[in-house]
Amino acid sequence: MTRPRFADATHELAIVARNLRDSRAAGDPKMVADGKLTPAQAADRLRVADAVAVDWSAYAAMQLPAGAGATQAEKRDMLAGALKVITIRRDRAHAAMLAECAWMGQLAIGALWQLVDAHVPQTGRIEPYLHWESYAAAVEALLWWQDRTGQASKRWSVDATLWMREQLAAGQGRLAA
């Protein structure tokens, strides 16, 4: 996978991670009541979503997360599952947009945003599509970071930044000529 569009939007990714957790917290009780999940499954899903949200809240605050709460594989599986559902919603919103005005399918994302910003009356189906498209892109970025390890990981990036700040604060840093 190539570097996602929102890979560097750390604060926004933290918001999306919290939103994923909040969606689980709000939606899973109904799924339990409907018999689609057991209470234990719902609790497990919330535990993993909470771990992802905690990680990204720490990264956004330029801190290292504790790392407890869920395994890397559990976090990856949760994000992959969320992306699958969000992609379906995005594709449905895209189809609804095209059903209203097929010509919109020829436009790039930026042009669609311009139509929304201009309040063009025929574009009532664009905003839902753009919402799910952006949401899917953000979850793709979360998943992309989750798959990074070692020096390519978000954790290493934050750790290295913190180390450099410590070195500068201690007078150990110097600028290259």
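The values are calculated or read from the model by the stated rules, or taken from the named source; none is laboratory data. This structure is a prediction, so every number in the text was calculated from the model and none was measured. In this analysis, Cβ positions are derived from the backbone assuming ideal geometry, glycine residues included, and neighbour counts consider all displayed protein chains. Accessible surface areas use protein heavy atoms only, side chains included; no ligands, DNA or RNA. Shrake-Rupley method; radii C 1.70, N 1.55, O 1.52, S 1.80 Å.
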(Q) Taking each pair of distinct Cα atoms in the range 104-177 once, what is the resulting Kirkwood hydrodynamic radius in Å? (A) 16.1
Q.
As a test of the formula, what do you get for the chain when each DSSP H run with n ≥ 4 contributes -39,500 (n - 2.57) and the sum is divided by the residue count, at 222 nm and rounded to the nearest 500 deg cm²/dmol?
A. -24000 deg cm²/dmol
Q.
Of A51, G35, G105, which is farthest towards the positive pole of the chain's charge dipole, taken about the Cα centre with +1 and -1 on the beta-carbons of Lys, Arg and Asp, Glu respectively?
A. A51
(Q) Could you work out how much longer the chain between T149 and I15 gets when fully extended? Use 0.36 nm per residue separation minus the Cα distance between them, nm to one decimal. (A) 46.0 nm
Q) Tell me, what % of the accessible area of the range 25-158 is carbon and sulfur with a 1.4 angstrom probe? A) 57
(Q) Can you divide the C-alpha Rg of the range 115-158 by 2.2 N^0.38 Å and report the result to two decimal places? (A) 1.78
Q) So, how do all the Cα-to-Cα distances of the chain break down into 5 Å bins, in percent, from 0 on up? A) 1, 8, 13, 16, 15, 13, 12, 9, 7, 3, 2, 1, 0, 0
Q. Mind checking which of V120, V32, V52 has the largest fluctuation in a GNM of the chain, springs on alpha carbons under 10 Å?
A. V120
Q: Name the shape class, rounded, prolate or oblate, that the alpha-carbon gyration tensor gives for the range 9-103, where a ≥ b ≥ c are the square roots of its eigenvalues, rounded holds for a/c under 1.5, and otherwise prolate holds if a/b is larger than b/c and oblate otherwise.
A: oblate
Q.
What distance in nm lies between label points placed 7 Å from Cα along the C-beta direction at D91 and M31?
A. 1.9
Q: List the DSSP H helices in the chain whose Cα atoms stretch 27 Å or more along the helix axis and whose mean Kyte-Doolittle hydropathy is at least -0.5.
A: 10-33, 39-60, 72-100, 126-147
Q: Report the charge-dipole magnitude of the range 43-110 in Debye, nearest 20, computed about the Cα centre from +1 at each Lys and Arg Cβ and -1 at each Asp and Glu Cβ.
A: 100
Q: With a/c under 1.5 counting as rounded, go ahead and sort the range 56-107 into rounded, prolate or oblate using the C-alpha gyration tensor (a ≥ b ≥ c being the square roots of the eigenvalues; past the cut-off, prolate if a/b is larger than b/c, else oblate).
A: prolate
Q. Which value, in debye to the nearest 20, describes the size of the charge dipole of the chain about its Cα centre when Lys and Arg Cβ atoms bear +1, Asp and Glu Cβ atoms bear -1, and nothing else is charged?
A. 240
Q. Cross-link partners among aspartates and glutamates for K84, C-alpha distance below 18 Å, same-chain residues fewer than 8 apart left out?
A. D22, D28, E74, E133, E140, D147
